[in-house]
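S.K.: One structure follows; several queries about it will come next.
The values are calculated or read from the model by the stated rules, or taken from the named source; none is laboratory data. Because the structure is predicted, anything quoted here is derived from the model rather than measured. Reconstructed Cβ throughout: ideal geometry from the backbone, glycine too, with neighbour counts over all protein chains shown.
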Amino acid sequence: MEQRDETAITLHGLFAGYGRGTVLHGITARVPRSGVTAVVGPNGSGKSTLLSVAAGVVAPTGGSVRRSHARRPAVVVQRSAVSDALPITVEETVAMGRWAHRGPWRRLTKRDHRIVMECMAHLGVLDLAPRRLGELSGGQRQRALVAQGLAQESDLLLLDEPTTGLDAEARERISAVLDRAGADGTTVVQATHDLEAAMRADHCLLLAEGRLAAQGAPASVLTPAALAGIWGLPRLR
Ligand SMILES: Nc1ncnc2c1ncn2[C@@H]1O[C@H](COP(=O)(O)OP(=O)(O)OP(=O)(O)O)[C@@H](O)[C@H]1O
């Protein structure tokens, strides 16, 4: 019972993939409740697939996944997955985060509008509210997408590379918001190539070729030996 309360997601011997191709091979791991968990690994190691399984978008082909969340997960996709041609503003993008509560055709309430404003303010995109998403820089667009995820007020927030490739200011802004959400009781899971972001997480899952290489506190998982073994890096920068 105690274990169940402390664990948000339990993966047991999990296999998953696309069509006939298996990407995740027998992963047994846990994501603690509250706080930030970083999912780390080289390109193609299965990080996004793991997030998709956690989101319920990809079904396991073997083993099990157990989530102990009351609400529908909030998912923040990679910003490259959002078309430049999408004719919506930052404010509309963030307001879509409230659709899970109202449905797309229902009017948003005053509380919804307040949450949308607050989330834009937290991510520093209030000034960009009327701008079209497609005309923003990568960092601005990413902050708008994280604001949308936050606006869903889920107890499980899943993000695919929210800080990878951004400048220091955007990375710091997003990391601070995720840290705060985790401290406030949200279970935050982010797939990332940003080793600084991974090191400041509370928990870390390290994937290599669809298998779990290690899990635990980031400092014990992202050791120079593990990084050298998996990426061939001489040391953590
Ligand atoms: N929708 C899909 N259909 C078929 N194969 C897919 C799909 N998405 C991912 N894959 C394959 O699954 C494998 C793992 O991909 P995944 O995106 O989960 O890895 P990743 O660790 O997130 O990689 P990256 O760091 O490059 O984002 C890759 O071989 C990829 O080609």
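S.K.: Of all residues being closer than 21 Å to Trp99 by Cβ and within 13 Å of the ligand (Cβ to nearest atom) in segment 149-194, which is surrounded by the most Cβ atoms within 10 Å (Cβ to Cβ)? Just the residue, please.
M.R.: Looking at residues that are closer than 21 Å to Trp99 by Cβ and within 13 Å of the ligand (Cβ to nearest atom), I get Pro162.
S.K.: Looking at Ala121, is it more than 19 Å from Leu51 (Cβ to Cβ), modelled with pLDDT of 95 or more, part of a helix (DSSP H, G or I) and of a type outside the set (Lys, Arg)?
M.R.: Criteria met by Ala121.
S.K.: What helices (runs of 4 or more DSSP H), lying completely within segment 12-103, carry at least 2 residues that are over 22 Å from Gln140 (Cβ atoms) and more than 16 Å from the ligand (Cβ to nearest atom)?
M.R.: It comes to 99-102.
S.K.: Same structure again: So, Ala213, is that one in a loop (DSSP other than H, G, I, E, B) and closer than 22 Å to Asn43 by Cα or not?
M.R.: Answer is no for this residue.
S.K.: In segment 31-85, which residues are on the phi > 0 side of the Ramachandran plot and touching a Phe, Trp or Tyr at 6+ places or on another chain (Cβ under 6 Å)?
M.R.: Of everything in segment 31-85, just one residue is on the phi > 0 side of the Ramachandran plot and touching a Phe, Trp or Tyr at 6+ places or on another chain (Cβ under 6 Å), namely Gly63.
S.K.: So which residues in segment 92-119 are surrounded by 21 or more Cβ atoms within 10 Å (Cβ to Cβ), among the hydrophobic types (A, V, I, L, M, F, W, C) and closer than 18 Å to Val82 by Cα?
M.R.: Of everything in segment 92-119, those that are surrounded by 21 or more Cβ atoms within 10 Å (Cβ to Cβ), among the hydrophobic types (A, V, I, L, M, F, W, C) and closer than 18 Å to Val82 by Cα turn out to be Val94, Ala95.
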